[in-house]
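Down below is the structure, laid out as structure tokens.
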Amino acid sequence: MVIKFGRKYLRFYNQDEYEKNVSKSDQEKELPSPEMELKIPLNAKLIDLIAPEDLKTEQTTFLSIINSRVSRRKYLDEVITLEELSYLLWCTQGVKRVLKLGAFRTVPSAGARCPFETYLYIRKVEGLEPGIYRYISLQHKLLFIKSVENANELFSKLAYNQRFAANGDVLFLWVAVPYRTEWRYTTLSHKFIAIDLGIVCENLYLACEARGLGTVAIGYYEQEKLDTVLTKS
């Protein structure tokens, strides 16, 4: 069966098509750049993470990490440390340098536009209350958002009853803010965002493997319901 719906999304324009179909960007129109991070609520208390220079470095070789990397769906009943969580967050969205119109992170992004926000469902991390958090990448801190009742059952159900989805100590939930990329790349942005996300996810895999942690990527979930869980107070 040939599935044509949505397939154009994978194809990049040739030069003639580009000039015909790609409109002038808001950057070219000299409109202001969108903020590189969602606003932090007033009077919010941020949680310090372990600074990048104090994170432990793995002793294994990069090739051994590549060779041993697999998706893991069964996890030990252990609590990960705040240092380990800090390591994973830094490796996936850490900000190395802020630019005038973007940021250099530990992962590449088209035009340094960095369209993602990292939300977390933390189940078992040393010293942290279970619940929903957001990574404040520009400060390398955590923002506690809210507790969630029956969270394990909820997140498993939203992943179409994949029980392992909520069995890990931390669930990473990357949320795209499309306009950050659209401001520069207009209709080309959505392919770039998908590529950027793949890079971020692979960094999580490799970071977990380097630290002896297991992870698995899940792309099968009820998006609108999950969005509501993250955003509704």
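The values are calculated or read from the model by the stated rules, or taken from the named source; none is laboratory data. Everything numeric here is computed off the predicted structure, so don't read it as measured data. Cβ: placed from backbone, ideal geometry, glycine included. Neighbour counts: every protein chain shown.
Checking every residue in segment 136-155 against the condition of being buried (at least 20 other Cβ atoms within 10 Å of the Cβ), assigned to a helix (DSSP H, G or I), modelled with pLDDT under 95 and not small (Gly, Ala, Ser) gives at least one match.
In the condition set (1) over 21 Å from Asp227 (Cβ atoms); (2) surrounded by 20 or more Cβ atoms within 10 Å (Cβ to Cβ); (3) among the aliphatic types (A, V, I, L, M), Leu206 is compliant with all but (2).
Taking each residue of segment 45-63 that is under 11 Å from His140 (Cβ atoms) and looking for partners that are of a type in the set (Gly, Ala, Ser) and not in a loop (DSSP other than H, G, I, E, B) with beta-carbon atoms closer than 7 Å, six or more apart or interchain, yields Leu49/Ser86; Ile50/Ser86; Leu55/Ser86. Give the number of residues within segment 55-70 that are surrounded by 10 or more Cβ atoms within 10 Å (Cβ to Cβ), under 30 Å from Glu129 (Cβ atoms) and at pLDDT below 90. Looking only at that region, the number is 2. For segment 3-20, the condition holds for no residue, the condition being that it is surrounded by 15 or more Cβ atoms within 10 Å (Cβ to Cβ), touching a helix residue (DSSP H, G or I) at 6+ places or on another chain (Cβ under 8 Å), in a loop (DSSP other than H, G, I, E, B) and not polar (S, T, N, Q).
The strands (runs of 3 or more DSSP E) falling completely within segment 30-128 that include 3 or more residues that are touching a helix residue (DSSP H, G or I) at 6+ places or on another chain (Cβ under 7 Å) map to 102-105, 116-122. As a summary of the residue check, Lys45 satisfies the conditions (1) of a type in the set (Lys, Arg); (2) in contact with an Asp or Glu (Cβ under 9 Å, 6 or more places away or on another chain); (3) farther than 14 Å from Thr215 by Cα except for the one numbered (2).
Return the residues of segment 1-44 that are among the small types (Gly, Ala, Ser) and free of Cβ contacts under 8 Å to residues at least 24 places away in the same chain; say none if nothing qualifies.
The one that is among the small types (Gly, Ala, Ser) and free of Cβ contacts under 8 Å to residues at least 24 places away in the same chain: Gly6.
Within segment 172-186, does at least one residue satisfy the condition of being of a type in the set (Phe, Trp, Tyr) and under 19 Å from Glu78 (Cα atoms)?
Yes: segment 172-186 contains one or more residues that are of a type in the set (Phe, Trp, Tyr) and under 19 Å from Glu78 (Cα atoms).
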